[in-house]
Amino acid sequence: MKWTKTLIQTLRENPGDAEIDSHKLLVRAGLVRKVAGGLYAYLPLGMRTLRKIQQIVREEMDRAGALEVVTPVLQPSELWRTTGRWDTMGPNMFKVKDRGEHDFALGPTAEEVFTDMAKGVVSSYRQLPLTIYQIQWKFRDETRPRFGLMRSKEFLMKDAYSFDADADGADRSYWNMYHAYERIFARCGLKAVPVQADGGDMGDSLTHEFHVLADAGEDGIAWCEGCGYAANLEKAERRADAPSAGAPCAEPSEVATPGAKTIEQVAAFMGLAADAFVKSLVYVADGKPVMVCVPGDRDVNDVKLKRFLGAKSLALADFDTVLAATGANAGSVGPVKPADASLRIVADVSLKGATGRIVGANKDGFHLKDVDLARDTSLKDADFADLTIVKEGDLCPHCGKPIVIKRGIEVGQVFKLGTKYSGAFKATYKNDKLEEKVMIMGCYGVGVSRTLQAIIEQSHDKDGIVWPAAVAPYQVAVELLDPDDATVAKIAEDIETALEAAGVDVIVDDRAERPGVKFKDADLIGFPVRVVVGAKGLANGGVEVKLRSEDKSKTRIVPPDSAASVVRSLLQGEPA
Ligand code: ATP
Ligand code: MG
């Protein structure tokens, strides 16, 4: 392919809305073009990479025995009503009407459509196990679309759904997809690590997210260098601190803390460290207020709290509810004698046995000191649980080594669904005794477009992208420095032909531009191999072959007719 025959626009300026490197490079290298917030058009270069990633995903799905299908983006509301998710998905789901006023969703995911499909197609255990997948655009009305393709309103996802006759089969399907994901990300040149995640409504259901570790990642991951334990912060556990068998303390007494609302403010006011305090928050769980207490230097983990309470819904309480439950406004509430004596109180396990703590007094502008949680509150042993977000330095629940917190970009997730969807749809099969049984499901997503950008985030330098060869828009750029010199142009053409014959994607930069411009663009776009063909170089013995990833000062001059084979061995990672 000749540069002048394709459509490449590189930009010198970073886009104004780009906060992270990969977003800047994506736009500057001319891979995508913004249409509106969270909506992007893929330009020819971006499209080539997107297709290569899709192809890797497709090959690995097929290798794992999954079958490709495609289902409509426009999904009838009836399917979503079957599981109740029409009402529970919330504002993230785009809802539209047809001219007959029928409701549809623009699919944010497709469990309902696939479960309905399996119900309609599967009747016998002989058809199981079954895994079906599609690579299809998904729509989510994200609160904050940002970071380019990382969190967009429309994105390409590979979603797969497995159907099994029994729990063992479902387990095999899960790990089959898990290993396929390992291969997909490795083939994309990505280091993606599987991380334990929370099963959400599905109770303790098994699920892993695949994360690309990067400072720009939106998710926190607890990481143990000792044993490899990795869990996202919603799920991560810690080795519980030994109960703090505190020394006996005096009776609680009031301290005026005027205007101090947060733990930081009260701690500063009293000249004490945050862990001398108990942070108390009022939530509403399934319509009822609950107070949760955690050490002053820790944060509540809503997911753990919700699970511990066994609640279907959980949110922070509004002003009126806090006032009615405790007698004070947020900032002055605490577990000792709240206004509503029947208020349920729960606390983080590390507060078990705590004495001499300072808590909100349930009276605006006051705190209580010398609080013994066992003596002065209604808290019983069963009210204590691990309810906080793990922090750097907490101890690994498995090996006891200190945990470090890393940032990750979630590029995929595998999930055991059990019978949540198949039960709702009555998606059954007949077993060998002709009994009707509900299928057991799993679902598996790869964010194909997010993966594209995650590759850039993980593989770039100050000059631009450094594409792994498998997903580069073109693997080789031939820099034709003298396009008007017929002999030189012929040599470039021969190298192009030889490489294309060997199945290598090549672009020949035949523009009438200065070498500096061409090299800058090649570095920015990040072609893995550069071949410089110019009259001067040829007079001095040959063409220059260079890997984008290697040191700039390294030169490799080869005779023109061996350039193609040198390039091929470099692409295969062999010394050349
Ligand atoms: P997140 O927590 O980042 O919002 P999610 O867990 O809701 O993602 P899933 O439902 O697991 O997403 O979807 C499967 C994959 O789709 C994710 O692992 C991610 O790679 C990708 N994805 C999800 N939301 C977006 C988005 N708004 N833009 C781009 N990719 C997305
Ligand atoms: Mg996910």
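For Arg344 and Phe366, what does the FRET efficiency come to when R0 = 35 Å and r is the distance between their Cβ atoms, rounded to the nearest 0.05?
The calculated FRET efficiency here is 0.95.
Would you mind telling me the antiparallel percentage of the DSSP bridges in the range 474-571, rounded to 5?
Working: 6 of 15 bridges.
Of all bridge pairs located within the range 474-571, approximately 40 percent are antiparallel.
So which cysteines in the chain don't have a second cysteine's C-beta under 4.7 Å from them?
Lone cysteines by the Cβ rule: Cys188, Cys249, Cys293, Cys443.
So, with +1 on the Cβ of K and R and -1 on the Cβ of D and E, and no other charges, what is the size of the charge dipole of the range 271-381 about its Cα centre, to the nearest 20 debye? The partial results should precede the final answer.
On the way: 15 positive and 14 negative charges, 62 e Å.
Roughly 300 debye for the range 271-381.
With only Lys, Arg, Asp and Glu charged, each at its Cβ (+1 for the first two, -1 for the last two), find how big the charge dipole of the chain is about the Cα centre; round to the nearest 20 debye.
460 debye
Find which of Ala347, Ile184, Ser123 sits farthest along the positive direction of the dipole of the chain, computed with +1 on the beta-carbon of Lys and Arg, -1 on that of Asp and Glu, about the Cα centre.
Ser123
Working from Cα positions, state the angle (0 to 90°, nearest 10) between the long axis of helix 515-525 and the longest principal axis of the chain.
40 degrees
Would you mind classifying the range 20-112 by shape? Square roots of the alpha carbon gyration tensor eigenvalues, ordered a ≥ b ≥ c; an a/c under 1.5 is rounded, otherwise it is prolate if a/b is larger than b/c and oblate if not. Before the final figure, lay out each step's value.
Values: a/c = 2.53, a/b = 1.43, b/c = 1.77.
Verdict is oblate for the range 20-112.
Using only the alpha-carbon atoms, how far is helix 448-458 inclined from the longest principal axis of the chain? Give it as 0 to 90 degrees, nearest 10.
The helix 448-458 is inclined about 80 degrees to the chain.
Go ahead and estimate [θ] at 222 nm for the chain from helices alone: -39,500 (n - 2.57) per DSSP H run with n ≥ 4, summed, over the residue count, rounded to 500. All intermediate terms of the calculation are to be shown ahead of the outcome.
On the way: 16 runs with 157 residues, N = 576.
Value at 222 nm, helices only, nearest 500: -8000 deg cm²/dmol.
Using only the Cα atoms of the chain, each taken as one equal point scatterer with no solvent, compute I(q) by the Debye sum, divide by I(0), and report log10 of the ratio at q = 0.05, 0.06, 0.07, 0.11 Å⁻¹.
The Cα Debye sum returns log10 ratios of -0.30, -0.43, -0.57, -1.09.
Determine the dipole magnitude for the range 474-571: charges of +1 sit on the beta-carbon of Lys and Arg, -1 on that of Asp and Glu, nothing else is charged, the reference point is the Cα centre, and the result goes in debye to the nearest 20. All intermediate terms of the calculation are to be shown ahead of the outcome.
Details: 13 positive and 18 negative charges, 91 e Å.
For this selection, approximately 440 debye.
Beyond 20 Å between alpha-carbons counts as too far, so tell me which of Lys279/Lys337; Lys191/Lys520; Lys304/Lys401; Lys520/Lys546; Lys2/Lys518 fall in that bin. Numbers along the way, then the final one.
Details: Lys279/Lys337 15 Å; Lys191/Lys520 27 Å; Lys304/Lys401 22 Å; Lys520/Lys546 14 Å; Lys2/Lys518 13 Å.
Among Lys279/Lys337; Lys191/Lys520; Lys304/Lys401; Lys520/Lys546; Lys2/Lys518, the Cα-Cα distance tops 20 Å for Lys191/Lys520; Lys304/Lys401.
If one takes the longest principal axis of the Cα atoms in the chain, at what angle in degrees, from 0 to 90 and to the nearest 10, does the Cα axis of helix 111-121 lie?
70 degrees
Which residue, Cys293, Val278, Gly360, has the largest displacement toward the positive end of the dipole of the range 253-385 when charges sit on each Cβ (Lys, Arg +1; Asp, Glu -1)?
Of the candidates, Cys293 comes out farthest on the positive side.
Rounded to whole Å and ordered largest first, report the semi-axes of the equivalent ellipsoid of the range 253-385 derived from its Cα gyration tensor (root of 5λ). Please list the in-between numbers first.
Details: eigenvalues 92, 52, 37 Å².
Equivalent-ellipsoid dimensions as semi-axes: 21, 16, 14 Å.
If R₀ is 51 angstrom, what is the calculated FRET efficiency for the pair Asp461 and Lys312, using the beta carbon separation as r and rounding to 0.05? Kindly include the intermediate steps, with their values, before the conclusion.
Details: r = 48 Å, r/R0 = 0.95.
Between Asp461 and Lys312 the formula returns 0.60.
Antiparallel versus total DSSP beta bridges in the range 215-374: what percent is that, nearest 5? Write down the numbers at each step before the final one.
Working: 21 of 26 bridges.
The antiparallel fraction comes to roughly 80 percent.
Any chance you could tell me what percent of the C-alpha pair distances in the range 101-175 go past 18 Å? If you can, show how the numbers build up before the last one.
On the way: 1502 of 2775 pairs.
Looking at the range 101-175, the distances longer than 18 Å represent 54 percent of pairs.
Bear in mind these aren't lab numbers, they're just calculated from the coordinates by the rules spelled out. Everything numeric in this text was worked out from a predicted model, so none of it was measured. When we count neighbours, we look across all protein chains shown, and the Cβ atoms used for this are built from the backbone with ideal geometry, even at glycine.
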